[in-house]
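These notes are about the structure you will find just below.
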Amino acid sequence: MSVAGPQTAAEALAIFGAAVPPEFFQNLRKASGKRAEGGVYTVELTMWMMLRQRLDPKGTLSTTVQDVAEGRPQALLPTHKRLTEGTLSSNTGGFCRARRRVDQKVTIQVGDRIFNYLMADVPEALPGLGRRVFLLDGSSLDLPATPELRKAYPPAENQYGVAHWPVVRIVVAHDVISGFAMQPCWGPMYGPQRVSEQALAAEGIGRLPAGSVVVIDRNFGVFSTVYDADRRDYPVVVRLTNVRARYLLRGRLPQRADQQVDWKPSKWDRDHHPDLPADAVVRGRVIACPVIRRGQTVQLYLFTTLDLPLEQIVELYGYRWNIETDLRSLKQTVHLHSLTTRSVEMVAKELVLAVAAYNLVRGTMYAAARIAGIDPRQLSFSRVQDVVNACLPSLAAADSPEAYQRVLDRMLRRAAQCKLSRRPQRPSYPRAVWPRRNNFPKRKKP
């Protein structure tokens, strides 16, 4: 399969084949010293099936197995007797064993290759900036209550007892223009080994392309996060709480300001981060600016290490809301809100490949937006995902390059029509609680 780039081969299967070609898996096999795979579920096919599962509306193992049993996708299927005779079992046991055999390092490499392939054609966020800009934020996911997962990711606990579901905390960075997501960083949200969003953010920032600008909200606007980004040459645009802004501005909270400051760690920072050097300092600017949003004035206090005009700094921070919808797309449309895997290793694989599947849909959106001459952020993620799912069987069944290209062009044209509706202001409804009728008696405690 010959693919020229994200702009011409934008559907999920083509991006996967271009970013992770068969030669990649052959080199992996040679490096490991393993003999050629003889079963149906090769590493290449298994990786695609795990990605495809995340794109399917049901998101089950069975749906992807049925695709393979029907001979899709033909480009990734090995030569095997069961496939030729059409006798491949529709049970999911073989696929489950194949998923467990896949090395976690391979999933990380596949996710990185898809991200780097898609990001190669993304322009800079602002004209003349010369840097990529990433939005960074965190969330949490529920896991099955297996003994292994409860030990690795303890449930929440309060004065009433221990909750049932294990919880994992994740932090993800998204490109501000295209929405492509970096590999997530994750760890336990509760328990003795819990990790903070700030610690995960420091790990995630280190994975970004060199020199990228990081736009983050008030939760990450602490000295340790800013210092860690600055010492690795990652400029930041971070919103400050009123308390931190007053600390940096020596007790003042002006409505408008653009002042050079030296941010030094406070006693609280020293107590919680004893490894900070004695001379730790971040030189930057504190910007105070009122912004009108939906008819209301919001006072912003920003800290940045960028040497740009005030208006451009505020414009960069204005993109931050996009990550809220990006996280919603990750958790709802690729089924990442609640994982069903039952082991720590499979949780890691599913997290990485779920983000990679999200990037496949984003790749289609980016290519369709370029053809239509619009901003990729103007397209609906879930509607483009529906277009991709509807066209994948036809793409996989194409018997010639011409037929494949016709389906691909039609898919991109339909994807470009999935624009978000313009709503200048959300309609306001009075808040009310509607009771739900219960036709069954409540169970009484014995």
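The values are calculated or read from the model by the stated rules, or taken from the named source; none is laboratory data. The structure presented is a predicted model; accordingly, all values stated were derived computationally and were not measured. Here the Cβ positions follow ideal geometry from the backbone for every residue, glycine too, while neighbour counts run over all protein chains shown. When the accessible area is computed, the model is the full protein with side chains, heavy atoms only, and any ligands, DNA or RNA have been set aside. Shrake-Rupley method; radii C 1.70, N 1.55, O 1.52, S 1.80 Å.
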Might you work out the accessible area of residue 407 for me, using a 1.4 Å probe with all protein chains in place, and round it to the nearest 10 Å²? 20 Å²
How would 264, 151, 331 rank on accessible area, largest to smallest, probe 1.4 Å? 151, 264, 331
Mind grabbing the base-10 log of I(q)/I(0) for the stretch 156-265 at q = 0.14, 0.15, 0.18, 0.19 Å⁻¹? Debye formula, identical points on the C-alpha positions, no solvent, two decimal places. -0.70, -0.78, -0.98, -1.04
accessible surface per residue for the chain, probe 1.4 Å, DNA/RNA/ligands not counted, whole Å² -> 53 Å²
So the FRET efficiency between residue 250 and residue 84, C-beta based with R0 = 56 Å and rounded to 0.05, is 0.15
Let me have the 222 nm mean residue ellipticity of the chain computed from DSSP H runs of 4+ only, each contributing -39500 (n - 2.57), with the sum over all residues rounded to the nearest 500. -13000 deg cm²/dmol
Using +1 on the beta carbon of Lys and Arg, -1 on that of Asp and Glu, and nothing else charged, what's the dipole of the stretch 108-212 about the Cα centre, debye to 20? 180 debye
How much of the accessible area of the chain, probe 1.4 Å, is carbon plus sulfur, in whole percent? 48 percent
Determine the shape class of the stretch 130-178: with a ≥ b ≥ c the square roots of the Cα gyration tensor eigenvalues, call it rounded for a/c under 1.5, and otherwise prolate if a/b is greater than b/c, oblate otherwise. prolate
Net lengthening on full extension, residue 370/residue 382 (0.36 nm per residue, minus Cα-Cα): 2.5 nm
Where a ≥ b ≥ c are root eigenvalues of the Cα gyration tensor, a/c under 1.5 meaning rounded, otherwise prolate if a/b exceeds b/c and oblate otherwise, the stretch 23-119 counts as oblate
How many lysine pairs are close in the chain, with Cα atoms under 28 Å apart and the two 8 or more places apart or on different chains? 17
Let me have the relative contact order for the chain, percent, based on Cα pairs under 8 Å that are six or more residues apart. 18 percent
Using a 10 Å cut-off on Cβ atoms, rank the peptides 75-84, 53-62 from the highest mean neighbour count down. 53-62, 75-84
Return an integer: the convex hull volume of the alpha-carbon atoms of the stretch 129-211, in Å³ per residue. 106 Å³
What is the percent of Cα-Cα separations in the stretch 75-179 that go past 22 Å? 63 percent
If you line up the long axis of helix 381-397 against the longest principal axis of the chain, both from Cα atoms, how many degrees apart are they, to the nearest 10? 20 degrees
Which value in Å is the Kirkwood Rh of the stretch 171-228 over different Cα pairs? 12.3 Å
Helix 322-332 versus the longest principal axis of the chain: what is the Cα-based angle in degrees, 0 to 90, to the nearest 10? 40 degrees
Highest to lowest packing among 368-376, 130-138, 244-252, scored as the average C-beta count within 10 Å: 130-138, 368-376, 244-252
Residue separation between residue 410 and residue 146 times 0.36 nm, minus their alpha-carbon distance, gives in nm 90.5 nm
Charge dipole of the stretch 298-359 built from unit charges on the beta carbon (Lys, Arg +1; Asp, Glu -1), centred at mean Cα; most positive-end Cα among 302, 319, 357 is 357
Can you compute the FRET efficiency between residue 121 and residue 24 using 1/(1 + (r/R0)^6), with r the Cβ-Cβ distance and R0 = 25 Å? Round to the nearest 0.05. 0.80
Which FRET efficiency value, to the nearest 0.05, is calculated for residue 264 and residue 32 with the Förster distance at 51 angstrom and r the Cβ-Cβ distance? 0.55
What translational D, rounded to a whole number of µm²/s, comes out for the chain from Stokes-Einstein when the hydrodynamic radius is the Kirkwood one over Cα pairs, at 37 °C and 0.692 mPa s? 135 µm²/s
Roughly what % of Cα-Cα distances in the stretch 307-396 sit above 16 Å, to the whole percent? 65 percent
Could you calculate the contour length gain from residue 394 to residue 279, that is, 0.36 nm times the residue separation minus the distance between their Cα atoms, to one decimal place in nm? 35.2 nm
What do you get for the angle between helix 104-119 and the principal long axis of the chain? Use alpha-carbon atoms, 0 to 90 degrees, nearest ten. 70 degrees
Show me, for the stretch 224-235, the HN-Hα J-couplings you get by feeding each phi into the Karplus relation (A = 6.51, B = -1.76, C = 1.60, θ = phi - 60°), rounded to Hz, glycine and proline as x. 4, 5, 5, 5, 5, 5, 5, 5, 9, 6, 10, x
